[in-house]
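S.K.: Can you keep this structure in mind? I'll have questions shortly.
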Amino acid sequence: MKVSEFMTQEVETVTPDQPIREAAQFMLRADAGAMPVSDGDRLIGMVTDRDITVRAVAEGRGPDTPVRDVMTEDLVFCFEDDEAEEVAMKMSDAQVRRMPVLSREGENLVGIVSLGDIRRSDHSEAASVALDRITDPGGEHNQSQEA
């Protein structure tokens with residue numbers, strides 16, 4: 001099954017100059033954890049709720065910080081004619097739950113796909129495997145504070 005058959009097609013984007021407050025407000029309204037960042041017709045990054053909290057708030061940046069200062073520029077994307085299993089594995093390898101979908105011709109943003117979208121398709125097993133790999137612990141964690 002091709003990604004185009006179950007992806008979300010109506011995707012709102014933010015520009016790199018918009019403040020992170022506007023991106024966060026959109027995410028709240030849409031109950032979304034990530035937004036594509038575009039410069040005109042060109043996809044240049046993604047901004048996530050984690051980017052806003054970890055890259056901005058934790059560093060003491062304010063709500064008027066431009067999206068470009070906290071967005072992820074290393075894009076992981078798929079094409080609209082990619083197969084669901086292939087996309088699920090790509091998401092797993094990149095440790096992402098959402099991925100922008102581009103057209104082959106012109107590489108324009110045509111949608112976004114989430115593991116939830118894949119799970120609701122006929123390929124729920126591929127999504128489960130990918131999610132298991134994404135949520136695997138990354139090693140020992142230590143939360144103690146040493147003086």
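S.K.: Alpha carbon centre of the stretch 69-92 versus the stretch 33-55: separation in Å?
M.R.: First find each Cα centre; the distance between them is then 14 Å.
S.K.: Right, something else. Residue-wise, which Karplus ³J(HN,Hα) couplings in Hz belong to the stretch 35-41, taking 6.51 cos²θ - 1.76 cosθ + 1.60, θ = phi - 60°, and x for glycine or proline?
M.R.: Result, rounded to whole Hz: 9, x, 10, 10, 10, x, 8.
S.K.: Relative contact order of the stretch 26-126, please, whole-number percent, based on alpha carbon pairs below 8 angstrom and at least 6 residues apart.
M.R.: Across the stretch 26-126, relative contact order equals 21 percent.
S.K.: With no solvent and one point on each alpha carbon, what is the Debye value of log10 I(q)/I(0) for the stretch 3-135 at q = 0.11, 0.12, 0.19 Å⁻¹?
M.R.: -0.38, -0.45, -1.05
S.K.: To continue, here is another question. What residues qualify as long-range amide H neighbours of Phe79, i.e. H under 5 Å apart, gap of 5 or more or another chain, H built at 1.01 Å from N?
M.R.: So Phe79 has HN proximity to Leu102.
Throughout, read-outs are computed from the coordinates displayed, never taken from laboratory work. Every value quoted in this text rests on a predicted model; they were computed, and no experiment measured them.
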